[in-house]
1. Of the conditions (1) touching a His at 6+ places or on another chain (Cβ under 9 Å); (2) β-branched (Val, Ile, Thr); (3) within 16 Å of Phe92 (Cα to Cα), Thr36 satisfies every one except a single condition; which number is it?
2. Among the residues of region 1-21, write down those that are surrounded by fewer than 17 Cβ atoms within 10 Å (Cβ to Cβ), of a type in the set (A, V, I, L, M) and under 19 Å from Phe41 (Cα atoms).
3. Which count do you get for residues in region 34-47 that are in a loop (DSSP other than H, G, I, E, B) and open to solvent by 40 Å² or more (accessible area, probe 1.4 Å)?
4. Quick check on my filter: what residues within region 46-82 are of a type in the set (Val, Ile, Thr) and modelled with pLDDT of 95 or more?
5. In region 48-98, which residue that is among the hydroxyl-bearing types (Ser, Thr, Tyr) and under 27 Å from the mean Cα position of the chain (by Cα) is surrounded by the most Cβ atoms within 10 Å (Cβ to Cβ)?
6. Name the pairs whose Cβ atoms lie under 6 Å apart, with the first residue in region 35-50 and β-branched (Val, Ile, Thr), the second at pLDDT 95 or above and assigned to a helix (DSSP H, G or I), and 6 or more positions between them or separate chains?
7. Restricting attention to region 127-155, which residues are among the charged types (D, E, K, R) and modelled with pLDDT of 95 or more?
8. Counting only residues that are without any contact (Cβ under 8 Å) to a residue 24 or more places away in the chain and either within 21 Å of Cys163 (Cβ to Cβ) or of a type outside the set (A, V, I, L, M, F, W, C) (or both), which one in region 199-216 is surrounded by the most Cβ atoms within 10 Å (Cβ to Cβ)?
Amino acid sequence: MSATRPVFYVSDGTGITAETIGHSLLTQFSGTQFSTNRIPFVDSVERAREVAALIRARGEAMGVRPIVVSSCVDQDLAQALGESGALVLDVFAPFIEPLERELLESRESRVGRAHGMVDFDTYHRRINAMNFALTHDDGMSVNYDEADVVLVAVSRAGKTPTCIYLALHHGVRAANYPLTEEDLEHDRLPPRLRAHRAKLYGLTIDPVRLAQIRQERRPNSRYAKLETCRHEVAAAEALFRAERIPLLSTTHTSIEEISSKVMSTLGIERVMY
């Protein structure tokens, strides 16, 4: 296998756009190992040159040409990043010229402009959804009347990070319910979930991976034993099948993919930025 390729997501804003697009691109190349870094708020030529020097040094140290996925809109910043000697991929470049032709208007390359297009109603919806996710995390609150979705799974199967992603990126009010040993002794949904069946979505995970995650949290405990994990996962999956609850494995699935599949399956509309 070839040397690990350093990848940098560079932006004049948060870098989330560059990272999201870049990650989607890199997953298409399973034969190469990547090490990734996000560098946000590169909003001046001086900063861009500092970053270019850092990227060049990393490439020389690793003996391979770096890759830069950039969402910097200012062409002076892009030119400075080019001094890194890296392969620089501008995430906006393929779309600007066709849009200029269609709209009969030239782009305005203003730093941070994309992040200034804020719909405050949408922003507050995401913040409220985040507060909802935190107060309804891990069964702390089980009042699901206002929930858009309730993720159900055994402990450490990926419920919390998915709920937070759904809230922050899509304004979805996502709660999660951890299946306990007592819940798994029965072949029916726990009573507090039955009234919300249409909102339920099950997550599962490979027992070996689950044991690894739990071992990091509670080393050498019964909770982390592979036998325990196998029993809980099998019981949870049997419950989901019996109750016809949609189910997805999180073992090799990104949070972005999980969130999209949950929303698509349950018909939840995403927030438009």
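1. (3)
2. The answer is Ile16, Ile21.
3. 3
4. Scanning region 46-82 gives Val51, Ile55, Val64, Ile67, Val68, Val69.
5. Residues of region 48-98 that are among the hydroxyl-bearing types (Ser, Thr, Tyr), as a first pass: 70-71, 84.
Still in the list and also under 27 Å from the mean Cα position of the chain (by Cα): 70-71.
Values: Ser70: 28, Ser71: 25.
Residue satisfying both the conditions and the ranking: Ser70.
6. Filtered contacts from region 35-50: Ile39/Val51; Val42/Ala48; Val42/Val51; Val45/Ala80.
7. Applying the first criterion (among the charged types (D, E, K, R)) to region 127-155 yields 137-138, 145-146, 148.
Correct list: Asp148 only.
8. Gln215
The values are calculated or read from the model by the stated rules, or taken from the named source; none is laboratory data. Because the structure is a prediction, the values reported are computed rather than measured. Virtual Cβ from ideal backbone geometry, glycine too; neighbours counted across all protein chains shown. The accessibility values were calculated without ligands, DNA or RNA, using every heavy atom of the protein model including side chains. Shrake-Rupley method; radii C 1.70, N 1.55, O 1.52, S 1.80 Å.
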